[in-house]
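The values are calculated or read from the model by the stated rules, or taken from the named source; none is laboratory data. What you see is a predicted model, and the numbers here were worked out from it, not measured in a lab. FYI the Cβ positions are ideal-geometry reconstructions off the backbone, even for glycines, and counts take in every protein chain you see. SASA here: full protein model, heavy atoms, side chains in, ligands and nucleic acids out. Shrake-Rupley method; radii C 1.70, N 1.55, O 1.52, S 1.80 Å.
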Amino acid sequence: MAWRSLFRKGRHNGIKILALSIGLALGVILIAKMRFEQSYDSFYPDLDRLYMVYNTSTRPEGPMFYYMMSGGVAVGMKAELPEVEAATRMTEICSDAVFWTEAKQKLTGTFFLADTSIFDVVPRPMLLGNAKEVLARPHYALISRSLAQRIGQGADVIGQQISLDMYPNVTLTIGGVFEDLPENATLDYDVLVSMPSISLFMWDGSLNWLGNDRYITYVKLAPGVYPNSIKTDIKNLIDRHIDPVEMQKGGYEINYTLRPITALYANDVHVQQMIRMLALLAFALLFTASMNYVLLVISSMVKRSKEMGVLKCYGASGKNIYQIILGETGLHIILALLIATLLIFTFQGTIEELLNASLSSLFTGTTCLILCIVVGLVFLLTGVLPAYLFTRISVTAAFKQARGDANRIWKHALLFVQFAAATMLITLLILVGRQYRLMIHNDPGFTYDNLLYCSTAGVKPELRQTALDELNRLPFVEKTATSNTLPFWGAAGNNVRDDQQKDLFNYADLYGVDTNYFSLMEIPIIAGTNFQASHAKTPQVMVSRSFADRISQLMGWEDGVVGKSLILTEHWRVIIFGVYEDFQIGNLAAYDSRPSALFYAPMPEDNLLIRVSDLKPEYIRQITDILTRLMPDRDIQVIPYASEIVAQYADSKRFRNTALAGCLITLLISLIGLIGYIQDETSRRSKEIAIRKINGATASLIIRMVIRNVLWIALPAAVLGSIGTLVTGQKWLENFAEKVPLSLPTFLIGSIIVLGIISTCVILLTRRIANDNPVNSLKTE
């Protein structure tokens, strides 16, 4: 009966299945993405015993919560705490770094220094070599399977050598191959370099107990041991290696806590907000698709009332009616799932780009089980309610051709829900779009229009100066400068100390720049002077306005900070030459609010900054050619600064595009439901409309009457949808340091868009009957 019913006219089966399939396709994708975000690091064995060590110390400016540790912590925990079965530490050398093989093949990868015990705590299957032996030897490294395939193209890579572009004089020997990390790994690395090689890349602070906080530290506790049971032991361990009295004098109290490895990503505030937003989108889509299905079923109820009456006359019970309707619904959902699967595989590339995850990683066994439960709930929602309404149709009412006015309440309620969901998502999309535009067009406190940069790490300063001299001779190059770091990368931290060696506060250390930096970046100097090359032997520092205000208050300097000397960790005693206006460090989603400082570098730093008259491709090509000619052994990439600013917000852009897809599909499903409702209403009221026209009603009057009836539903739905956006938008905007206001025009525009689309749809659907000859509707009477 369900199969025969599929092809009968007037039951809207085609649009019911199509709308349901579209809603299911995106709905299950979003649920799979939610599950994926919650599954980070769940692939490790002995999950209940794996923890990351966090620094939860107290310092003069307040409590600290940081995931980087000093190098000696992991070593000490393993050696002195019997409850710790294994401990390891690792630190990043460089991310997405260019390196070269023996065959001069250019590749990229993320490099970490790692202990011999790395796979004792966070294991990966070894395909070739012995991890402990390799990571105990200087100049040796392990590489991932995918990287080995790219290097060896199927051949054995053991013994081959690679060299980093940033460290041209360092050669690493491949000693083993490990299995790739899954996509849901918090830490992503391609190459693990042995910890004994650390001095090739940086200062060796791998056994420090204080300072040099750059190591990620993991521990594996013994069975039956929990973090709370070893709190005291950890504190005693700290006190044995760091004098607590001296720390208290400086205003510090050092402490470490353990966090479950599975909570590192999933418990992040930004991740939780994203999961909530994805859940909202998925619920709105699936609920709207389900309500649309129910609405279309109810719309055909008048036409099917006689069928149900006949079935009841031949002995059909309420159970039989349920079986019929649920059978039809089940068949429709199966067909919708088949179409949804086809849609997912058809748009696989777009989906993977939007969600930043492959389909294979999204649809795991556990996720598919959850999706089956969700589909089951959709089946119950779309089948039970219509079946219940059909069982309530009496035989008498069916044969009296009752018009089912009581069912209009259900239709109006279902339309109301769909309109509210569409309004909320459209308004939310407007809000997300405004915030994204704010982020990419935000004024960071410096000018980056027509600005290019190029990293020349590993190049001699003299060669950088030669490159700058040649670039400055180009007619389209307006100014050049160099810097150790770039603001959007974020910043390391150091401390300000008084003469008694007491730490006063932590600041963002942006390290060295040259004398052209401030003028090129157009950062205002509000006190003092710029760096002076004539005082190259004097340790010069420029500080931000917030730095100057804070140190003046702490030191009691009422006459300003210019000319004063300071003790800064890692730099020792320096002279403040000037004060610059605060500018943005990091981005609006990961904003660094600390005061900052910049130091004078007498020789050109790693990053070349080039301001040009226009970002023409030929200008960038000429600059690239000059740098490549001067540095033939380097991988030269000249990058527009503005493109990196946009890249910082790639996750926000993906979320915006996902929200756009969800909004459009929800609106489409709502319009399909509206089409079914209007067709049913105009059919039901065709004779009424004909009589009105005979009595002088014009076509425009008929259309206004139908629009008015729909708007009575749509207007309060738009208000409710706007309230939903207000609540949801406030929570989402908490992720950003600077945010767009939740202004009334945002909600009005969203509501007007939805109401305008609804009104247009109603006009197009009612034009035919409004202009039809009334005789065609009355001739059957």
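With contacts taken as Cα pairs under 8 Å and at least 6 residues apart, segment 523-618 reaches a relative contact order of 37 percent.
In order along segment 690-705, phi translates into HN-Hα couplings of 4, 5, 4, 5, 4, 8, x, 5, 8, 4, 5, 5, 5, 4, 4, 4 Hz, rounded to whole numbers, per the Karplus curve 6.51 cos²θ - 1.76 cosθ + 1.60 with θ = phi - 60° and x for Gly and Pro. Under a 5 Å amide H cut-off, with hydrogens placed 1.01 Å from N, N208 pairs with G71, G72 among residues at least 5 apart or on other chains.
For N695 and R8, the FRET efficiency from 1/(1 + (r/R0)^6), where r spans their Cβ atoms and R0 equals 41 Å, is about 0.65.
What's the local net charge at N472, with K and R +1, D and E -1, over the other residues with C-beta under 10 Å away? Its environment carries a net charge of -1. The fraction of accessible area contributed by carbon and sulfur in the chain is 57 percent, rounded to a whole number (1.4 Å probe; ligands and nucleic acids excluded).
Taking other residues whose beta carbon is less than 15 angstrom from the beta carbon of E83, and scoring Lys, Arg as +1 and Asp, Glu as -1, yields 0.
Judged by the ratio a/c of the largest to the smallest principal axis of the C-alpha gyration tensor, segment 577-651 counts as oblate, that ratio being 1.5 or greater while a/b is no larger than b/c.
Between the beta carbons of R473 and K106, assuming R0 = 30 Å, the FRET efficiency works out to 0.55 to the nearest 0.05. Tell me, what is the percent relative contact order of segment 67-190, built from C-alpha pairs under 8 Å that lie six or more residues apart? Taking the mean separation of contacting Cα pairs over the length of segment 67-190, I get 25 percent. Got a number for the accessible area of R8? Probe 1.4 Å, square angstrom, nearest 10. Around 110 Å² of this residue is reachable by solvent.
For W209, the shell of other residues with beta-carbons less than 13 Å away shows a net charge of -3, using +1 for Lys and Arg and -1 for Asp and Glu.
Reported value for the chain: 216 Å³ per residue, from the convex hull of its C-alpha atoms.
The P(r) of segment 167-309 has a tail past 25 Å containing 64 percent of all C-alpha pairs.
Across segment 466-473, computed HN-Hα scalar couplings (Karplus, 6.51 cos²θ - 1.76 cosθ + 1.60, θ = phi - 60°) run 4, 5, 4, 4, 5, 5, 5, 7 Hz from first to last residue, x flagging Gly and Pro.
Quick check on segment 421-507: take the gyration tensor over C-alpha atoms, sort the square-rooted eigenvalues as a ≥ b ≥ c, and tell me if it's rounded (a/c under 1.5), prolate or oblate. Oblate is the answer for segment 421-507, as a/c is 1.5 or above yet b/c matches or exceeds a/b. Applying 0.36 nm per residue to the separation of Q348 and E581 and subtracting their alpha-carbon distance, the gain on full extension is 79.2 nm. Counting only the Cα atoms, segment 1-145 fills a convex hull of 302 Å³ per residue. Between H571 and H412, how high is the FRET efficiency from 1/(1 + (r/R0)^6) when r is the Cβ-Cβ distance and R₀ = 45 Å? Nearest 0.05. FRET efficiency, H571 to H412: 0.05.
For the residues L726, L608, a 1.4 Å probe over the protein chains yields an accessible-area ranking, largest first, of L726, L608. Using a simple spin-label model with pseudo-atoms 7 Å out from Cα toward Cβ, L369 and N356 lie 2.9 nm apart.
Distance between the modelled labels on K653 and Q323, one decimal in nanometres: 5.7 nm (7 Å Cα→Cβ projection).
Subtracting the Cα-Cα distance of A589 and Q248 from 0.36 nm times their residue separation leaves 119.4 nm of extension gain.
Placing a pseudo-label 7 Å from each Cα along the Cα-to-Cβ vector at S552 and L615 gives an inter-label distance of 3.7 nm.
Across every direction, the projection of the convex hull enclosing the Cα atoms of segment 593-715 has a mean area of 17.3 nm². Residues M705, M1, ordered by accessible area of protein heavy atoms at a 1.4 angstrom probe radius and largest first, appear as M1, M705. For the set K33/K106; K312/K687; K460/K537, the pairs lying more than 24 angstrom apart at their alpha carbons are K33/K106; K312/K687.
Before I look further, what does segment 62-119 give for accessible area per residue, probe 1.4 Å, in whole square angstrom?
39 Å²
Distant-in-sequence amide contacts of A97, defined by a placed amide H-H separation under 5 Å and a gap of 5 or more residues or a different chain, comprise G109, T110, F111.
Under a 1.4 Å probe, what is the accessible area of segment 272-348 per residue, stated in Å²?
On a per-residue basis, 41 Å².
Per residue, the average separation of C-alpha pairs within less than 8 Å and at least 6 apart gives the chain a relative contact order of 16 percent.
Judged by the mean number of other Cβ atoms found within 10 Å, the most tightly packed of the peptides 629-637, 516-524 leads the ranking 516-524, 629-637.
Using a ≥ b ≥ c from the Cα gyration tensor of segment 152-244 (square roots of the eigenvalues), is it rounded, prolate or oblate, where a/c under 1.5 gives rounded and otherwise the larger of a/b and b/c decides, a/b for prolate? In terms of gyration-tensor shape, oblate. Here K235 is the anchor, and the lysines within straight C-alpha reach of less than 21 Å, apart from those fewer than 8 places off in the same chain, are K78, K220, K249.
Taking the Cα centre of the chain as origin and assigning +1 to Lys and Arg Cβ atoms and -1 to Asp and Glu Cβ atoms, the resulting dipole is close to 5580 debye. Available extension along the chain between N484 and S163 is 113.3 nm, counting 0.36 nm per residue and deducting the alpha carbon span.
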